[in-house]
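Colleague: Before we start, here is the structure in question, set down as structure tokens.
Bear in mind these aren't lab numbers, they're just calculated from the coordinates by the rules spelled out. These numbers come from a predicted model, not from an experiment. Here the Cβ positions follow ideal geometry from the backbone for every residue, glycine too, while neighbour counts run over all protein chains shown.
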Amino acid sequence: MENNTAISSDEQRYQVRKLEITDKNKGFMELLQQLTVCDSITDEEFQKRFEELQSYGDDHVICVIEDVHLSKIVATGSVFVEKKFIRNCGKVGHIEDVVVDSSVRGMKLGKKVAGFLVDHARLTGCYKVILDCSDDNKAFYERCGFKQKEIQMVKYFI
Ligand SMILES: CC(C)(COP(=O)(O)OP(=O)(O)OC[C@H]1O[C@@H](n2cnc3c(N)ncnc32)[C@H](O)[C@@H]1OP(=O)(O)O)[C@@H](O)C(=O)NCCC(=O)NCCS
């Protein structure tokens, strides 16, 4: 019983939803800085990119988890739906930029974000969903139902 109460209060506290424009004021960019190089941007730059991504509708979705007690974004991840000619004009989901705030790692919030993104890919008709990750994160994604396949190649321009 005590355990159930803890689970439901966590569910109320950590709300899973799509990115909103006001999330810039709730630490969204600072969270991304825990993932990779991510310089600060102006409110205008944020708004422009936000509106551009929103215009893609279901083809580009950013999931966030807000700690509503702190009004702080503590987890995020995105999925992009790629439209193909192969596989009967099939679609592939690409998961990117999954990160959980260091203060709340290990609380299954990463798994919740991955689950939200995977569900989105499945519900929008993708035949598969893929992502790249480091060796360190392989076990995490396996816990989220992924398996390793092939290798990643990359060419950086900067
Ligand atoms: C990787 C990351 C997103 C995991 O988020 P998290 O909220 O701490 O993970 P969860 O609590 O949801 O863990 C889910 C499961 O994965 C396991 N897991 C999580 N991180 C793990 C790790 N590094 N190694 C092994 N297992 C791991 C958990 O034990 C849990 O297993 P269970 O379901 O059997 O209990 C988080 O550590 C992070 O943000 N890291 C830095 C950014 C990063 O590397 N992002 C990934 C980019 S590809």
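Colleague: For the chain, would you read off the P(r) tail past 20 Å as a percentage of all alpha carbon pairs?
Modeller: Working: 6830 of 12403 pairs.
Across the chain, Cα pairs with separations above 20 Å total 55 percent.
Colleague: In addition: Can you tell me the order of 119-132, 29-42, 63-76, 144-157 when each peptide is scored by its average per-residue count of other Cβ atoms within 10 angstrom, highest first? All intermediate terms of the calculation are to be shown ahead of the outcome.
Modeller: Working: 119-132: 15.6, 29-42: 12.4, 63-76: 19.2, 144-157: 7.9.
Taking the mean over residues of other Cβ atoms within 10 Å, the ranking is 63-76, 119-132, 29-42, 144-157.
Colleague: Let me ask something additional. Could you calculate the FRET efficiency of Ser40 with Gln15 from 1/(1 + (r/R0)^6), where r is the beta carbon distance between them and R0 is 25 Å, rounded to 0.05?
Modeller: Values: r = 25 Å, r/R0 = 1.01.
Taking R0 as 25 Å, the efficiency between Ser40 and Gln15 is 0.50.
Colleague: Sorted by average packing, counted as other Cβ atoms within 10 angstrom per residue and highest first, what order do 110-116, 89-95 take? The partial results should precede the final answer.
Modeller: On the way: 110-116: 20.3, 89-95: 17.1.
Put in order of decreasing packing, that is 110-116, 89-95.
Colleague: Go through region 1-55 and name the trypsin sites (Lys or Arg not before Pro) that are in a DSSP coil and have 11 or fewer other Cβ atoms within 10 Å of their Cβ. Before the final figure, lay out each step's value.
Modeller: On the way: sites: Arg13, Arg17, Lys18, Lys24, Lys26, Lys48, Arg49; in loops: none.
Counting only loop positions with at most 11 other Cβ atoms within 10 Å, none of the trypsin sites (Lys or Arg not before Pro) in region 1-55 qualifies.
Colleague: Let me ask another. What does the charge count around Gly27 come to, taking other residues whose C-beta lies under 14 Å from its C-beta (Lys +1, Arg +1, Asp -1, Glu -1)? Before the final figure, lay out each step's value.
Modeller: On the way: positive: Lys24, Lys26, Lys72; negative: Glu20, Asp23, Glu30, Glu66, Asp67, Asp101.
Its environment carries a net charge of -3.
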